[in-house]
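The values are calculated or read from the model by the stated rules, or taken from the named source; none is laboratory data. Since we're looking at a predicted model, the values are computed, not measured. Positions of Cβ are backbone-derived with ideal geometry, glycine not excepted, and every protein chain shown enters the neighbour counts.
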Amino acid sequence: MTGDWVERCRWHEPGGIAAARTIAGFLAGIGIAVETGPVAADSPLPGMTARAGRLVIDPAVPAYPGDLLHEAGHLALCDPATRDQTDDVGDDPGDEMGAIAWSVAAATACGIPLETLFHPAGYRGWSPALPAAFAKGRGFGIAILACYDMTAEPHRAAQSGLAPFPAMARWLR
């Protein structure tokens, strides 16, 4: 069950409510909780934030379903000892790259097109180039996921014993 929060929110295309439902089921399945509530207007992702280790979405603010995966990626990479206390995912460039790589793996696992993840209004104008950057298991941030033993860089998969990115050995750090 994806929870009724999906139905109460307003979703942009690409993807719309169908993508939001798919992503909600995926996040529930890996243990990332989502709830509705007010989100500050200055949140980096409109209508979304992290609060107490949960992803919070404001149903009054139209949102892109792909942004659910991006914000969840930040939570997934948090230190497990403090994840449930996380209220701000910060703006560390390494964490940002890791969250983007994680969201690519998650989109692939749920069958969400990368064009839904990398919607035209996001990623500071780089959205059109990002699907190609991650083609064939390449892209930035993969090394961070590999460092946490969540996946393997494709050129090191055989020696690590893990399936290569975008396959994930585990979804939470």
**Prompt:** Does the stretch 135-142 contain any residue that is surrounded by 15 or more Cβ atoms within 10 Å (Cβ to Cβ), modelled with pLDDT under 95, of a type in the set (A, V, I, L, M) and not in a loop (DSSP other than H, G, I, E, B)?
**Reply:** no
**Complete:** Flagged in the stretch 34-68 as polar (S, T, N, Q) and under 18 Å from residue 120 (Cβ atoms), in numbering order, are none
**Message:** Please count how many residues of the stretch 12-45 are surrounded by 14 or more Cβ atoms within 10 Å (Cβ to Cβ) and more than 25 Å from residue 109 (Cβ to Cβ).
**Reply:** 2
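Okay, residues lined up against (1) closer than 26 Å to residue 138 by Cα; (2) at pLDDT 95 or above; (3) outside any loop (DSSP other than H, G, I, E, B); (4) among the charged types (D, E, K, R):
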{"site": "7", "(1), (2), (3), (4)": "no, yes, yes, yes"}
{"site": "18", "(1), (2), (3), (4)": "no, yes, yes, no"}
{"site": "70", "(1), (2), (3), (4)": "yes, yes, yes, no"}
{"site": "74", "(1), (2), (3), (4)": "yes, yes, yes, no"}
**Item:** Test: residue in the stretch 43-55 that is farther than 18 Å from residue 116 by Cβ and of a type in the set (A, V, I, L, M)
**Value:** yes
**Item:** Residues satisfying the stated conditions in the stretch 60-90, i.e. hydrophobic (A, V, I, L, M, F, W, C), closer than 17 Å to residue 109 by Cβ and in contact with a strand residue (DSSP E or B) (Cβ under 9 Å, 6 or more places away or on another chain)
**Value:** 68, 72, 75
**Message:** So in the stretch 75-107, with the set limited to residues that are β-branched (Val, Ile, Thr) and surrounded by fewer than 18 Cβ atoms within 10 Å (Cβ to Cβ), which one is nearest to the chain's Cα centre (by Cα)?
**Reply:** 86
**Prompt:** Are any of the residues in the stretch 119-128 among the aromatic types (Phe, Trp, Tyr), closer than 25 Å to residue 63 by Cα and at pLDDT 95 or above?
**Reply:** no
**Prompt:** Which residues, taken from the stretch 131-152, are within 24 Å of residue 71 (Cβ to Cβ) and in contact with a helix residue (DSSP H, G or I) (Cβ under 6 Å, 6 or more places away or on another chain)?
**Reply:** 131, 134, 137, 139, 140, 141, 142, 144, 145, 151
**Failed condition for residue 157, given (1) assigned to a helix (DSSP H, G or I); (2) at pLDDT 95 or above; (3) buried (at least 17 other Cβ atoms within 10 Å of the Cβ)** = (2)
**Asked** Given the residues 162, 145, 117, which is the only one that is more than 18 Å from residue 74 (Cβ to Cβ), buried (at least 19 other Cβ atoms within 10 Å of the Cβ) and in contact with a Ser or Thr (Cβ under 8 Å, 6 or more places away or on another chain)?
**Response** 162
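Return the only residue of 39, 89 being β-branched (Val, Ile, Thr), more than 19 Å from residue 5 (Cα to Cα), in contact with a Pro (Cβ under 9 Å, 6 or more places away or on another chain) and in a loop (DSSP other than H, G, I, E, B).
None of the other options fit; the residue is 89.
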**Asked** Of the residues 28, 72, which single one is within 12 Å of the chain's Cα centre (by Cα) and within 16 Å of residue 5 (Cβ to Cβ)?
**Response** 72
